[in-house]
Structures are given as structure tokens and as C-alpha cells.
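The values are calculated or read from the model by the stated rules, or taken from the named source; none is laboratory data. Keep in mind that what you see is a predicted model, and the values were worked out from it rather than measured. Backbone-built Cβ (ideal geometry, glycine too); neighbour counts: all protein chains shown. Note: accessible area is taken over every heavy atom of the protein model, side chains too, but ligands, DNA and RNA are not part of it. Shrake-Rupley method; radii C 1.70, N 1.55, O 1.52, S 1.80 Å.
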Amino acid sequence: MAYRRGWRAVACAIGLVGCGIAAGAAWRGGLWGTLTGAVLVAVWLATLTWWLVVQHGLAPTLTSEAPRNAAADRLVLDAAPTPMVLIEGVNVRALNRAARRLFAADDRVVPAPGALIRSEDQYLRYEGRHYRIDRVTLGGAATERSVAALIDIEQEERVAEARATAEMIHVLGHELLNGLAPIVSLAESGEAALDRPDLDPALLREIMATLARRAEGLQRFTEGYRGLARLPVPRRTPTSLSGMADDLARLFNGRWPQIALTVQAADGPDWPLDHDQFHQALWAILQNAAEAATARRDQAACVMLTIRFGEDEMIAEVQDSGAGVEPEQATRIFRPFHTTKAEGTGIGLSLARQIALAHGGALDLLPLPPTTFRLTIPLHSA
């Protein structure tokens, strides 16, 4: 249709040119009737050209682009594996193939799940699966409208579990190989020493002592892994955090008397947590801070422990005067057995985070200096 209108516009333009030529010839020949007719035809053609080009020429473009854009949007939505729905008041419509498959509906979802209609709900249980509802509110309508993406929580957990398993296997394989390689080498050296005609008991004793130390290191690694993997379920009881802070300060000053420790514990209620586990987590973070602070030689070593309370969470922060954590190490420091210290085990921070997670909380490294670890424990475990 647009193609035919384009040719009509071209024909009208050619007609206008012809009218101009005819009008010029009539003017020169004094043919006033012919001149009047040419002018009238030119006016009619000009009007027709304007109608075709301006009124109809743009409309086909707009009307043809809209279906194409809608079709492209539908293809993109159908390619998304996450179910997406449009919520308009109490009506729910499936927006993509994944949603139509989930609700067995071509368009409108009947009956609409109550969790989707209630804007305050964040989770949906449907057909035996658990989904998280991520909503985006759409404005400009009398009826409240929103688009919701249904995130399969179980699928997320499976992906996270697979990733954690792969990382654990990688760490275990790396550490076991690092521990076994020198043991094999020392065993071969001991065997070679026994085969020598002039057996040197002192050399053999030195080889066996080194072999024993390496075996003990591998045993400590294995025991540390077992302790990390067998963290018991927290037994939450009301605990005085100011009393725990005083206890930690005494232990810290006895272990690192050369480091200036500042403790700021706000007055607050006894917090429900596992006393022994939380004490162990804070001690691991303090130990990490002390080692970082003493490693820096250009200034006095300082560590600060702060405990404060929010409306429904307790926040403990440990800050140190160390050189900080390199950006490439920030994502690795919580990995089990990852350490940059010669005598480190790589268990402390990982265990502290496991304890925080077991309490429904979190342990994070704040992005800005000075180096600060923040441990949060909610009032009620999720």
C-alpha cells in the first residue's frame, strides 16, 4: 500500500512539472484560458501530493513499525527463561512462554495467585516450587500495574551449590597436592639416603623430622576442614555483648600487648545468639586484624572493636590500621583455606562468615578504607 502511494506521489510531481511547462508556454503565447486551466490543475495536483505524502506517507510507517516492534518485544520475552507476568489490580496476565507454561494459560492467569496480587508479598509457592517475586511498578494508569519476574529459588540454590562444590573440590585438590608433594619428595630422599653405602643417621633423622612436620601440617589442614564442614546448628540464648567485648579485650591484650585496642560496645539488650560460636567468630576477625596491623611497619598498630544495635539487628565492626586488602583479594579472603600469610590457615574468616550465615546474618568487608569487617546478626534468624 505504501509502495503504491509512493508512485502516486511521484506521478503527481511529474504532473506538476508538466503544468509548469504548459503554463509557461501559455503565458508566452497569450493563451489565457490554457494558462488558467494549467494553474487550476497544478493547484489540484499540489493538494493531492500533499495529501498522499504528508497525511498517508507517515501513517503506514508508524502503523507498520508498531506491529514489528511488538513482535520483536514478544520474541525477546519468550526467549527469557524466567516467568514474567503483568499484574493489573486483581488480574494477572502471562507475558512470555515461561509464564504461559508455568500457569498453563495463554494469556490471563485464572485463578490469579494471591501472592501476586498482594504487592507486599515477596514469595510465591506454586505447583510445589518456591519463587521469589521481583516487581517493577508501572506508572501512568488509574489501576495499579506492575510487571513481576518469578525467580526459581530452588534453581538458584542448585546453581550456588554446584558452584560451591566445584570451588571446594578445587581448593581441596590444590591444598592436598601442595601438602603431598613435599611428603613424596622427602620420602624419596629418605629412601635414597638409606641406599647410600655411607649411611648418615643425622641426615636421615633430619629428613624424617621434616617429613613428620609436613604430615602434621596436612593433618591440621584436614582437621580444620572437618571442623569447618561440621559447624553445629547455633543454640541461640540471650547473651550480653558488652560482657563478651570485655572478655575479648582481655584475651586480645594478653595475646598482642603491643597493639592499641579500642572497644566501643553500646548498651543494649542481651542478644539471642550462640555465645561460643559468636565469640569464636569475633576472635577470628580480631586475630586477622591484629596480624594485618602488625605487618605494617610505618605506623603504630591499632585495632578497634565496635558493637551497636539497630532496630532488628546487631552490628559488630572490627577496624584495623593495616595496609588494607588488595582488590583482587577482596573476593577470595572468605574462601576456605585461602591465605596470604606464611603461617596462616585460611580458616578464620571463612569460619566467621559461616557462623554469621548460620545465625541468619552476614560478614562483609567494607569497600572503603580503613579496613573494616562488618558482622551483622538479625534479631530473628530467617
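Side notes on the structure shown:
- From the options Ala98, Ala149, Ala112, residue that is touching a residue at least 12 places away in the same chain (Cβ under 8 Å) and part of a loop (DSSP other than H, G, I, E, B): Ala112
- Scanning the range 115-127 for residues that are open to solvent by 90 Å² or more (accessible area, probe 1.4 Å), charged (D, E, K, R) and either under 19 Å from Leu138 (Cα atoms) or not in a loop (DSSP other than H, G, I, E, B) (or both) turns up Arg118, Glu120, Arg125.
- Residue in the range 192-199 that is closer than 30 Å to Pro378 by Cβ, acidic (Asp, Glu) and either open to solvent by 80 Å² or more (accessible area, probe 1.4 Å) or at pLDDT below 75 (or both) present: no
- Meets criteria (closer than 25 Å to Ala80 by Cα, open to solvent by 60 Å² or more (accessible area, probe 1.4 Å) and modelled with pLDDT of 80 or more) for Arg163: no
- The test for being more than 28 Å from the chain's Cα centre (by Cα) and farther than 16 Å from Met244 by Cβ holds for Asp298.
- Candidate set: the range 250-283, residues that are aliphatic (A, V, I, L, M) and open to solvent by 20 Å² or more (accessible area, probe 1.4 Å); chosen: the one farthest from Arg296 (Cα to Cα): Ala266
- Look at the range 346-360: where a residue is farther than 16 Å from Glu317 by Cα and open to solvent by less than 10 Å² (accessible area, probe 1.4 Å) and a partner is in a loop (DSSP other than H, G, I, E, B) and modelled with pLDDT of 85 or more, sitting 6+ places away or on another chain with Cβ atoms under 8 Å, you get His359/Arg236; His359/Asp274.
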